[in-house]
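Just below is one structure, and these are the notes that go with it.
The values are calculated or read from the model by the stated rules, or taken from the named source; none is laboratory data. Treat the numbers as computed from the prediction; the structure is a model and nothing was measured. Heads up, the Cβs are rebuilt from the backbone with ideal geometry, glycines too, and the neighbour counts pull from every protein chain shown.
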């Protein structure tokens, strides 16, 4: 009987020792107001212009963030991600092309506030400003139908509005899902063909989400989980270009625009937070 009582007393003491940790220390909000994060990400990339073309493949890269918490639990966070990989191009009109190099990066700055809903639950709403850059290069290559490849560059400006929930699961584990809406401000598509063509985009939106599982250590944490990024962009403006024959004579004019398109990125992130 004494052994049973001793075991129950020890179990009770362990539990009440853990509970204050729930209330005062979370993997996301350490006592130090400065927090850094470095990570890796791997994802499948799929860009579609419905009825026109498709570009898909695997990209891999790195991300970094700095979070500073100041008075009344307000925080600021600049973050950055960069990815590289190869994609395959396919179109009913211009054939297909394999192993096309792609670069993608995003730079953001967000501002938010941390709310404690309970001793083990927090809610972090935020908003900010973001810049997305995407480039692919098939210059010098020929498609299966003999069409020449060229370089393309895509740039987006947007306002991220998001919400992160931090739920402590135990003394050492937490769950942190994030949902975000990206308010599209402006896009610019540059196509480097015989002459450079710029098209402006004014309508669209983006969605982001992830589900991160966090393992807490004494002075740092490790987080990992799936994520998804989605963009839906409408038709661009029409850019008029002159048509020139082989003799250099202007034979007419054509209107070129960037068709409506959507992008899906689905993958996994692994981050070290300290």
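Yes/no matrix, rows are residues, columns are (1) surrounded by fewer than 13 Cβ atoms within 10 Å (Cβ to Cβ); (2) closer than 19 Å to residue 176 by Cα; (3) modelled with pLDDT of 90 or more:
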site: 3; (1), (2), (3): yes, no, no
site: 27; (1), (2), (3): no, yes, no
site: 37; (1), (2), (3): no, yes, yes
site: 67; (1), (2), (3): no, yes, yes
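Of the numbered conditions (1) modelled with pLDDT of 95 or more; (2) in a loop (DSSP other than H, G, I, E, B), residue 51 fails exactly one; give the number of that condition.
So residue 51 meets the others, but not (1).
With surrounded by 15 or more Cβ atoms within 10 Å (Cβ to Cβ) and either over 30 Å from residue 34 (Cα atoms) or modelled with pLDDT of 85 or more (or both) as the only criterion, which of 240, 215, 208, 202 stands out? Even if it seems obvious, please write down each step before you answer.
Numbers: 240 fails: surrounded by 15 or more Cβ atoms within 10 Å (Cβ to Cβ); 215 fails: surrounded by 15 or more Cβ atoms within 10 Å (Cβ to Cβ); 202 fails: surrounded by 15 or more Cβ atoms within 10 Å (Cβ to Cβ).
Just one listed residue meets the conditions, 208.
Residue 153 - would you say it is part of a strand (DSSP E or B) and within 19 Å of residue 190 (Cβ to Cβ)?
Values: part of a strand (DSSP E or B): yes; within 19 Å of residue 190 (Cβ to Cβ): yes.
So residue 153 fits the description; yes.
Which of the residues belonging to segment 83-94 are assigned to a strand (DSSP E or B) and either under 25 Å from the mean Cα position of the chain (by Cα) or at pLDDT below 90 (or both)? Working first, answer last.
Residues of segment 83-94 that are assigned to a strand (DSSP E or B), as a first pass: 83-91.
Of everything in segment 83-94, those that are assigned to a strand (DSSP E or B) and either under 25 Å from the mean Cα position of the chain (by Cα) or at pLDDT below 90 (or both) turn out to be 83, 84, 85, 86, 87, 88, 89, 90.
Could you grab me the full set of residues in segment 114-134 that are in a strand (DSSP E or B) and at pLDDT below 95?
As a first pass, look at segment 114-134 and keep what is in a strand (DSSP E or B): 115-118, 121-134.
Correct list: 116, 117, 118.
Looking at 144, 121, 69, can you tell me which residue is touching a residue at least 12 places away in the same chain (Cβ under 8 Å) and farther than 22 Å from residue 223 by Cα?
Working: 121 fails: farther than 22 Å from residue 223 by Cα; 69 fails: farther than 22 Å from residue 223 by Cα.
Unique residue meeting the criteria: 144.
When you check residue 120 against the structure, is it touching a helix residue (DSSP H, G or I) at 6+ places or on another chain (Cβ under 6 Å) and either closer than 20 Å to residue 263 by Cα or surrounded by 14 or more Cβ atoms within 10 Å (Cβ to Cβ) (or both), yes or no?
On the way: touching a helix residue (DSSP H, G or I) at 6+ places or on another chain (Cβ under 6 Å): yes; either closer than 20 Å to residue 263 by Cα or surrounded by 14 or more Cβ atoms within 10 Å (Cβ to Cβ) (or both): yes.
Yes.
Considering segment 55-82 alone, what residues qualify as being over 18 Å from residue 272 (Cα atoms) and in a strand (DSSP E or B)? It would help to see each step written out before you state the result.
Narrowing segment 55-82 to residues over 18 Å from residue 272 (Cα atoms): 55-59, 69-76.
Within segment 55-82, 55, 56, 57, 58, 59, 69, 74, 75, 76 qualify.
Tally up the residues in segment 214-228 that are touching a residue at least 40 places away in the same chain (Cβ under 8 Å) and within 20 Å of residue 60 (Cα to Cα), please.
6
Being assigned to a strand (DSSP E or B) and either without any contact (Cβ under 8 Å) to a residue 40 or more places away in the chain or surrounded by fewer than 15 Cβ atoms within 10 Å (Cβ to Cβ) (or both) is the requirement here; does residue 99 meet it?
Details: assigned to a strand (DSSP E or B): yes; either without any contact (Cβ under 8 Å) to a residue 40 or more places away in the chain or surrounded by fewer than 15 Cβ atoms within 10 Å (Cβ to Cβ) (or both): yes.
Considered against the rule, which asks whether it is assigned to a strand (DSSP E or B) and either without any contact (Cβ under 8 Å) to a residue 40 or more places away in the chain or surrounded by fewer than 15 Cβ atoms within 10 Å (Cβ to Cβ) (or both), residue 99 comes out as yes.
Across segment 150-171, what is the total count of residues that are modelled with pLDDT under 95 and farther than 19 Å from residue 261 by Cα?
Quick first cut of segment 150-171, residues modelled with pLDDT under 95 only: 150-152, 170-171.
From the residues that got through so far, the ones that are farther than 19 Å from residue 261 by Cα too are 170-171.
Number of matching residues: 2.
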